[in-house]
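The values are calculated or read from the model by the stated rules, or taken from the named source; none is laboratory data. What you see is a predicted model, and the numbers here were worked out from it, not measured in a lab. Note: ideal-geometry Cβ built from the backbone for every residue, glycine included; neighbour counts use all protein chains shown. Side chains included, ligands, DNA and RNA excluded: accessible areas come from the protein's heavy atoms. Shrake-Rupley method; radii C 1.70, N 1.55, O 1.52, S 1.80 Å.
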Amino acid sequence: MKLLLVCNPGGHFSTMLGLKSFWSAYQREWVTYSHYDTRKLGEKETVHWVTMQEARMLGRASINFVKALMILSQSKPDLLISTGASLAVPFILASKFFGIKTVFIESISRTSSLSMTGRIVYNLVDEFYVQWPECVEIYPRAQYKGIVT
Amino acid sequence: MIVYTLGTIFFPFDRAVFWLHELLEREIIVEPVLFQHGATNADKLSHPLLTSVASLTINEMHDAVKQSSLVISHAGQGSTRMLAEMGACFVLIPRLRRYGEHVDDHQLLFARAVERFGVPYCTELEQLVKYIEQPPIPLQHKLFNAPSLAEHLTVRYRLVELQK
């Protein structure tokens, strides 16, 4: 199984690093943009650097959607995992065109409601994980299976 | 030493810079401060006790936290978990939407949620003054006592592989 790990820098990137015990067992490639923390990632991992895209940046999301189509057709992952934030949207949408399975993990900072990204991808992804049990009551498609430590 | 970090997200957090200015001018802070200002402009802030940097590497941040008597941080989940894991003495300042410090108020909601586990936060300067005068006690337990999602995914996808 080959993975594509998609995350914005900052807390989302540190969350993805927190899942290392899972993804390190598989062949994988990353998608993120260059920032203070992610810059060094390329030394050890295969990284597709994309356009900086933060919340509500629709123009950049469109650019990254085109990039997503290119990256997915080239990388051919079996499973796409995203810990957010906004970069998840173009990549999860593009995965639909290739029939690639998708997993989204909502940030632990979302204690009682989903992020805008979470709400957009909620009905698109195959598996949607939240990190607070109470979120499952409001969002029944979401699963709580623990937190990223 | 006090570590004062706004994270590295691109939204400005000018209120936190103003607070730091006040804390230094009023001599509430009287020890060296390492200030990670990220994307917020901090050029106007200068003080003999202050060292400003846009960003620290993860290792530099760990070293600084270890040497610090108090860490004042934005309420980002990555920073919060790191500080809790390191057993640091820390207090959070959530970024608020109404001042354009983030897209929404999730940092405030997160701060309220972790307050239940003993993490202090403040939304007013005078609250922060109290935490500087009397630093909070570091957490004596893990911040979150919950199952590991990584373990769940490991087991789940091992099964998916086996079924192929």
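Structure data summary
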| quantity | calculated |
| --- | --- |
| Helix-only [θ]222 nm of the protein assembly as shown, DSSP H runs n ≥ 4, -39500 (n - 2.57) each, per residue, nearest 500 | -11000 deg cm²/dmol |
| Lys pairs under 23 Å by Cα in region A:2-144, provided they are eight or more residues apart or on distinct chains | 19 |
| Of all accessible heavy-atom area on chain A, the percent that carbon and sulfur account for (1.4 Å) | 55 |
| Region B:2-139 - Rg over Rh from alpha carbon coordinates, Kirkwood radius | 0.92 |
| Among A:71, A:120, A:138: highest mean-square fluctuation, GNM of chain A, C-alpha pairs under 10 Å | A:138 |
| Relative contact order (%) - chain A, alpha-carbon pairs under 8 angstrom, separation at least six | 22 |
| Region B:83-154: proportion of alpha-carbon pairs further apart than 18 angstrom, % | 50 |
| Residue-normalised accessible area of region B:2-139, expressed per residue, 1.4 Å probe, Å² | 46 |
| Cα-derived Rg over Rh, computed across the protein assembly as shown with Rh taken as Kirkwood radius | 0.98 |
| Probe 1.4 Å, all protein chains present, accessible-area order of A:37, A:126, largest first | A:126, A:37 |
| Rounded Å value of the spacing that divides the Cα centres of region A:5-43 and region B:14-28 | 35 |
| Potential lengthening between residue A:44 and residue A:78 on full extension [0.36 nm per residue; Cα-Cα distance subtracted] | 10.1 nm |
| Overall form of chain A per C-alpha gyration tensor (a/c, 1.5; a/b vs b/c) | rounded |
| Space enclosed by the convex hull of the alpha-carbon atoms of region A:1-74, per residue, Å³ | 89 |
| Region B:12-164: relative contact order as a whole-number percent, Cα under 8 Å and 6+ apart | 19 |
| Spin-label pair residue A:20/residue B:27, simplified geometry with 7 Å Cα→Cβ offset, distance in nm | 4.6 |
| Relative packing of peptides B:46-53, B:92-99 - highest average C-beta neighbours within 10 Å first | B:92-99, B:46-53 |
| Region B:50-158: GluC sites (Glu not before Pro) in DSSP loop, at most 16 other beta carbons within 10 Å | B:124 |
